[in-house]
Amino acid sequence: MRRYLPVLFVVGCGDDTTTTPKNPEANFPRTFMWGAAIAGFQSDPGCPTLAPEVCEDRASDWYQWVSDPEVIASSRAFVTGEPLANGPGMRETFREDFARARDELGLSAIRLSIEWSRLFPDRAAEGATTVDELVAFADPDGVRYYQDVFAELKRLGLTPLVTLNHYTLPLWIHDGKSCHFDYDGCVDRGWLDRERIVPAIALYAGFCARTFGAEVDLWATLNEPFATVLAGYVLPSEERSHPPGAQLKIEDALAVLVNQIHAHAAMVDAVRAEDTIDADRDGRPARVGTVVNIASFFPADASDPAGPDAARHASWVHNELFLEGVATGRLDENIDGVLEGPYPELVDRLDWIGVNYYTRLTVTPFAAGLAPGYPWLDFLPSLDGGFFQVYPEGLYEALALANRFGVPLIVTENGAVDPGEDAAETFLLPHLRALDRAMSEGIPVEGYFYWTLVDNYEWNHGMALRLGLYALEAGTKARLIRPIGQRYGEVVKARGF
Ligand code: FCB
C-alpha cells in the first residue's frame, strides 16, 4: 500500500529526476487513471459529414472570438482566423476516437468538457433561478449529445473526468467582441460581472450534475482560471489571447480571478446538491475539484539579487492565489502575500486538484510595480521561449506545490507541441519520471492525462499548434499515431517504463 507523506514546496529547484528512486509498483498502481484530455471547443469542430452549424458551437464566446472577421482583423486579438472546419470533428467521430484511445493506447479514462453554450445557447436561460426552472431551457440536441457521449464512455469502460467550464462562455453572458472594441461600454461582461455569472454558472453546473451525474463521478469546475485572467485581461499575446483580449486591466483581472473563486465554490455546492445519484460504476459519491495550470518560475538573470523574490511573487500570483481561494477559502486581494479570511462561503469546497503542467517561465524584477497598491506585482514575465519550454522537473515541483493543499491530485494535462520522433525520450518519459518521483515521495496522484488525443483547434492558434498523440491528416481527417502515442500506449499497458 502506498503511503502519502506531505512534501515541502520548492520553486525553481531544478532537481535531477534521473536519480529518482524506483517506484516498486511497476511504477504506477493498478487504480491509476491513464488518460487523454480533450475540450469541446477544441475537439468538436471539423465534422466529416455533420452540418457545420451542428458540429460547431456557434453560441459560444470562443466561436465568435476565432471566427468574427473584425476580431480576426484586430491587431490586439492575435487570432489566426483558421476555419473551425479544419478541426478533428469529434462531435461526430467521438465513438471511434474513444475506442481508439482504449483499444490502441490502453487508456482507462478521458478528460472532456461539457460546453455550457451547447446546453443553453439561448439568453432566455438566464431567467431561471433554480435548476428545476433551468431544465425547460436546455437544448434537447445538446443534452442528447452529452448523453450519447457518456453512454459511449460507459460502454467502453472509460472513466470520464468532466470539466464543466473549459474557458468558453455562452455569448449571452460574454460578448467578447463588444468588450474587445468597447471595453467600458459592453453589456455582457462575462467574468467581470459577478452578480450575473456566479449564479448562472452554478445553476448550469447543477443542471449537469443532475442530468449526467449517474455517469460522472469526477467533476472539475473551471479550467485554468489564471489563463483566462492573463490572456484575457493582462497580457493577450500571440502565445495566448482569450476574449476579450484587454490589456493591463489589473483591477479587473483580479476581480475576474476572485469571481472565478466564488464561481468555483457555488458550482461545488450545486454539484454536491444535485449529483446524489451513486448508481454509477463504483457507487462512490461524486468528487468536485478544479484544474489549474502551474508553471515553474525562474529569475531571468540568475545573478540578480532581486530575482528570487520576483520568481516567488510570480508563483504566488500565477500558481497559488486561486488555489488558496478554493482550497483554504482565503484571498489576497491586494497581492501582498498576506491572505485574508477564511471566508465561510468559500471553505471546504475542494475534493481534488487537477494540475496542468507545460512550462517553465522566466521573470525579471520590476521594482516600479505593474500597478500601484499591489506590492507583489513587482515582476515582469518574459514570453520569450513561449508557454511550452520543456522542463520536466517542473512537473514534480508543480505537484509538490499543489500537495500543500492536502487533497488528492490528478495531472489533468501535460503535452508537447509538434511531438517528433524523439518526443517520448525528450518529453514523455522525463515527465513520467518526475511524476513517479512525486508519487514515490508520497504525493497522492491519482491519474495522468496526456494533452491531447488527436490534434485539435488550439484556441487563438487554430491548427498551427499540434499536440496530439495522433496527428490529424488534413483533408482526409485520418488519425495517424505519432511515435509518442505509440510509446505512451506501451507505458500505459505496462503501468510503467
Ligand atoms: C492548456 C489548455 C488546453 C490546451 C493546452 C495546450 O492551457 O487548458 O485547452 O490548449 O493548454
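The values are calculated or read from the model by the stated rules, or taken from the named source; none is laboratory data. From a predicted model like this one, the values you see are computed outputs, not experimental measurements. Because the Cβ atoms are built from the backbone with ideal geometry, glycine has one as well, and the counts that use them run over all protein chains shown.
When you look at L432, is it closer than 16 Å to E413 by Cα and away from the ligand (no atom under 15 Å from the Cβ), yes or no? Criteria met by L432. Scanning segment 460-475 for residues that are touching a strand residue (DSSP E or B) at 6+ places or on another chain (Cβ under 8 Å) and of a type outside the set (D, E), which turns out nearest to the ligand (Cβ to nearest atom)? Among residues in segment 460-475 that are touching a strand residue (DSSP E or B) at 6+ places or on another chain (Cβ under 8 Å) and of a type outside the set (D, E), the one nearest to the ligand (Cβ to nearest atom) is L467. Can you spot a residue in segment 315-331 that is more than 23 Å from L158 (Cα to Cα) and part of a loop (DSSP other than H, G, I, E, B)? Taking every residue of segment 315-331 in turn, at least one turns out to be more than 23 Å from L158 (Cα to Cα) and part of a loop (DSSP other than H, G, I, E, B). Among helices (runs of 4 or more DSSP H) entirely within segment 185-297, having at least 2 residues that are modelled with pLDDT under 95 singles out 250-274.
So, in segment 142-183, how many residues would count as being under 30 Å from W34 (Cα atoms) and either assigned to a helix (DSSP H, G or I) or away from the ligand (no atom under 16 Å from the Cβ) (or both)? Qualifying residue count, segment 142-183: 19. When you look at R111, is it part of a strand (DSSP E or B) and in contact (Cβ under 8 Å) with a residue 60 or more places away in the chain, yes or no? In short, yes. Within segment 195-234, the set of residues being more than 18 Å from the chain's Cα centre (by Cα) and either among the basic types (K, R) or within 16 Å of the ligand (Cβ to nearest atom) (or both) comprises R196, R210, V234. Of everything listed in (1) over 18 Å from C47 (Cβ atoms); (2) away from the ligand (no atom under 15 Å from the Cβ), the single unmet condition for A478 is (1). Can you find, within segment 442-459, the residue that is farthest from the ligand (Cβ to nearest atom) among those that are assigned to a loop (DSSP other than H, G, I, E, B) and not hydroxyl-bearing (S, T, Y)? Selected residue: G442. Which one of these is surrounded by fewer than 23 Cβ atoms within 10 Å (Cβ to Cβ), of a type in the set (D, E, K, R) and under 28 Å from H313 (Cβ atoms): E421, E413, E393, E446? Exactly one residue qualifies, and that residue is E393. Cβ-Cβ distances below 6 Å connect the following pairs, each with a first residue in segment 392-417 that is more than 18 Å from V326 (Cβ to Cβ) and hydroxyl-bearing (S, T, Y), a second residue that is away from the ligand (no atom under 16 Å from the Cβ) and modelled with pLDDT of 95 or more, and a separation of six or more residues or different chains: Y396/A434; Y396/R437; Y396/A438.
Yes/no per residue for (1) of a type in the set (S, T, Y); (2) out of contact with any Phe, Trp or Tyr (no Cβ under 9 Å at 6 or more places or on another chain); (3) under 25 Å from F298 (Cβ atoms); (4) surrounded by fewer than 20 Cβ atoms within 10 Å (Cβ to Cβ):
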residue: V417; (1), (2), (3), (4): no, no, yes, yes
residue: T426; (1), (2), (3), (4): yes, yes, yes, yes
residue: Y457; (1), (2), (3), (4): yes, no, no, no
residue: M463; (1), (2), (3), (4): no, no, no, yes
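Within segment 380-394, the set of residues being more than 19 Å from E239 (Cα to Cα), more than 16 Å from the ligand (Cβ to nearest atom) and not acidic (D, E) comprises P392 only.
Residue-by-condition table, conditions (1) touching a Ser or Thr at 6+ places or on another chain (Cβ under 8 Å); (2) buried (at least 21 other Cβ atoms within 10 Å of the Cβ); (3) under 26 Å from T290 (Cβ atoms):
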{"site": "R100", "(1), (2), (3)": "no, no, no"}
{"site": "A109", "(1), (2), (3)": "yes, yes, yes"}
{"site": "V149", "(1), (2), (3)": "no, yes, yes"}
{"site": "N165", "(1), (2), (3)": "yes, yes, yes"}
{"site": "R196", "(1), (2), (3)": "no, no, yes"}
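Contact map, segment 182-195: residues that are free of Cβ contacts under 8 Å to residues at least 60 places away in the same chain and farther than 18 Å from N165 by Cα paired with residues that are buried (at least 17 other Cβ atoms within 10 Å of the Cβ) and of a type in the set (G, A, S), Cβ distance under 6 Å, separation 6+ or inter-chain. Pairs shown: C186/S178. If you go through segment 120-147 and pick out every residue that is of a type outside the set (G, A, S) and surrounded by 16 or more Cβ atoms within 10 Å (Cβ to Cβ), you end up with 10.
Taken over segment 40-74, residues that are surrounded by fewer than 24 Cβ atoms within 10 Å (Cβ to Cβ) and not in a helix (DSSP H, G or I) amount to 10.
Taken over segment 132-173, the criterion of being in contact with a Gly (Cβ under 9 Å, 6 or more places away or on another chain), under 22 Å from L107 (Cβ atoms) and aliphatic (A, V, I, L, M) is satisfied by L158, L161.
The set of residues from segment 293-307 being away from the ligand (no atom under 16 Å from the Cβ) and in contact (Cβ under 8 Å) with a residue 24 or more places away in the chain comprises F297, F298, P299, A300, D301, D304, A306, G307.
The conditions are (1) surrounded by 21 or more Cβ atoms within 10 Å (Cβ to Cβ); (2) within 15 Å of the ligand (Cβ to nearest atom), and E239 fails exactly one of them. Which is it? Of (1) surrounded by 21 or more Cβ atoms within 10 Å (Cβ to Cβ); (2) within 15 Å of the ligand (Cβ to nearest atom), only one is false for E239: (1).
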